[in-house]
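Only one structure is covered here, and it is reproduced in the block below.
No lab work stands behind these numbers, since they all come straight from the coordinates. Here the structure is a predicted model, which means the values were calculated and not measured. Neighbour counts are summed over all protein chains in view; Cβ atoms, including those assigned to glycine, are modelled from backbone coordinates with ideal geometry.
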Ligand code: UDP
């Protein structure tokens, strides 16, 4: 099993020693994380590592998944979109279904932990259905700066019950919320299958397995098929690039269990890129495979992340860690990771020409790409590795658990 010791070569002994010190007072405490999926998306990715490492350092940390029907997930997906600014028809029936799933779950999910950390809107109402005997933290991973006001007002009633809300960026703080609000930037696990070093042999094997030739430079976006990730926009950008440089686009987007919109968006993309897909200049992948993601992030000439909203953007962090240059939207949490012209390029989210130009600049200038890649890796080492998230959570738990 993974242990904190394994990270010493990557982050240094001082980081480990600080973590052990912060954990001392918390030994044997019981902490519970609740979210809506074990697989797919950034939240599950981070929890998979945090939960294991917290147990390794002596904090009994559990992880439970809210049970939801397809109806429930269809509604919470709409909530997710509306929290990031999309319109919503917030009917009584939607509210009732949402609350009921939480109430039912509370009946058969017994909680006697020292602290409860609830992730994202799906399990947010749970707090109402327990006798609150411990601190409850709401960890919100989405961009709250443009939330639909009707939905926000509805959800706020639940958020007010929490002791603290954690967000991913200073920009998401809500002035109209009289609850303690703290920032924890997300991070990646450098030793997970998605981010660890892999051999050239494995890279070749996985690309072959998924039918991705390497005869042309690859441009890749790794992202769920989600409208905020703008896969259709990526196709348009690719068409502009391909007029000038022969290259290939891979859109790799596994389908998350709590994301019912994925196939609809996928089909739209498929229609838009029909000819390009037929001659294999565009390759769409929907399987969940961490080693493939790892390989793609290593071999691509450029990683693109053309989101129009992005809570943080772990796919950007992952690419930077592999020394691969990124061309990405100047949106949400991404500028926390990328300084324009330093370790990648930031482009206005809707500026397709701008995206295409920056991609071509990198394709034509491998030295620049390499220089940016190297800088990117060091920025991630310093700020966005999982050990820093562990350290931030320990600070929080030390404050919350008396
Ligand atoms: N991911 C993956 N396979 C895919 C698409 C995404 O493993 O086909 C992973 C990706 O590598 C990253 C996470 O899902 O670790 C996405 O996190 P991010 O913060 O970029 O976006 P979110 O999906 O949470 O909005």
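Angle of helix 149-159 to the longest C-alpha principal axis of the chain, folded into 0 to 90 degrees and rounded to 10: 50°. Percent of C-alpha pairs per 5 Å bin in region 252-402, short distances first: 2, 9, 15, 18, 20, 16, 10, 6, 3, 1, 1, 0, 0. All alpha carbon pair distances within region 1-108 were sorted into 10 Å bins beginning at 0; the resulting P(r) in whole percents reads 12, 32, 27, 18, 11, 1.
Name the shape class, rounded, prolate or oblate, that the alpha-carbon gyration tensor gives for region 177-244, where a ≥ b ≥ c are the square roots of its eigenvalues, rounded holds for a/c under 1.5, and otherwise prolate holds if a/b is larger than b/c and oblate otherwise. Walk me through the numbers before you get to the answer.
Values: a/c = 3.23, a/b = 1.35, b/c = 2.39.
Oblate.
Approximating the spin labels as points 7 Å out from Cα along Cα→Cβ, the residue 240-to-residue 279 distance works out to 2.1 nm.
Translational D (Stokes-Einstein, µm²/s) of region 73-155 at 20 °C and 1.002 mPa s when Rh comes from the Kirkwood sum over C-alpha pairs? Estimated via Stokes-Einstein, D reaches 158 µm²/s.
One Cα centroid belongs to region 85-112, the other to region 219-260; the line between them spans 32 Å. The share of Cα pairs per 5 Å bin across region 85-237, counted from zero up to the longest distance, runs 2, 7, 12, 15, 14, 14, 11, 9, 8, 7, 3, 0, 0 percent.
Once divided by 2.2 N^0.38 Å, the Cα radius of gyration of the chain becomes 0.98.
Separation of region 347-402 and region 147-212, taken as the distance between their Cα centroids, equals 14 angstrom. From least to most packed, judged by other beta carbons within 10 angstrom and beginning with the fewest, 388, 96 follow the order 96, 388.
Estimated from helices alone, the mean residue ellipticity of the chain at 222 nm is -13500 deg cm²/dmol (sum of -39500 (n - 2.57) over DSSP H runs with n ≥ 4, per residue).
Please compute the alpha carbon radius of gyration of region 265-328, then divide it by the globular-protein estimate 2.2 N^0.38 Å. Two decimals is fine. Provide the component values of the computation, followed by the final result.
Working: Rg = 13.1 Å, N = 64, 2.2 N^0.38 = 10.7 Å.
Output field value: 1.23.
Kirkwood hydrodynamic radius for region 122-173: how many Å is it when counted over pairs of different Cα atoms? Computed over Cα pairs of region 122-173, the Kirkwood hydrodynamic radius comes out at 11.9 Å. Hey, with R₀ at 22 Å, roughly what FRET efficiency would residue 173 and residue 103 work out to, going by the Cβ-Cβ distance, to 0.05? FRET efficiency, residue 173 to residue 103: 0.15. Above 13 Å, the calculated P(r) of region 51-119 contains 72 percent of its Cα-Cα pairs. In the chain, the longest principal axis of the Cα atoms and the axis of helix 386-400 are about 20 degrees apart.
Hey, what D do you get for region 217-266 in µm²/s if you plug the Kirkwood alpha-carbon radius into Stokes-Einstein at 4 °C and 1.567 mPa s?
Details: Rh = 11.6 Å.
Rounded, D is 112 µm²/s.
Both radii come from the Cα set of region 339-387: Rg as radius of gyration, Rh as Kirkwood radius; their ratio Rg/Rh reads 1.05. Considering only 223, 339, 307, the Gaussian network model of the chain with Cα springs below 10 Å gives its largest mean-square fluctuation to 339.
Highest mobility in the GNM of the chain, judged by mean-square fluctuation with C-alpha springs under 10 Å and restricted to 279, 289, 148, is found for 279.
Relative to the longest principal axis of the chain, what angle (0 to 90°, nearest 10) does the C-alpha long axis of helix 92-108 take? Computed tilt is about 70 degrees.
Compute a Gaussian network model of the chain, connecting alpha carbons closer than 10 Å, and tell me which residue from 219, 184, 167 fluctuates the most. Among 219, 184, 167, the largest GNM mean-square fluctuation belongs to 184.
Estimate the FRET efficiency between residue 402 and residue 10 by the formula 1/(1 + (r/R0)^6), using the beta-carbon distance for r and 25 Å for R0, to the nearest 0.05. All intermediate terms of the calculation are to be shown ahead of the outcome.
On the way: r = 34 Å, r/R0 = 1.34.
E between residue 402 and residue 10, to the nearest 0.05, is 0.15.
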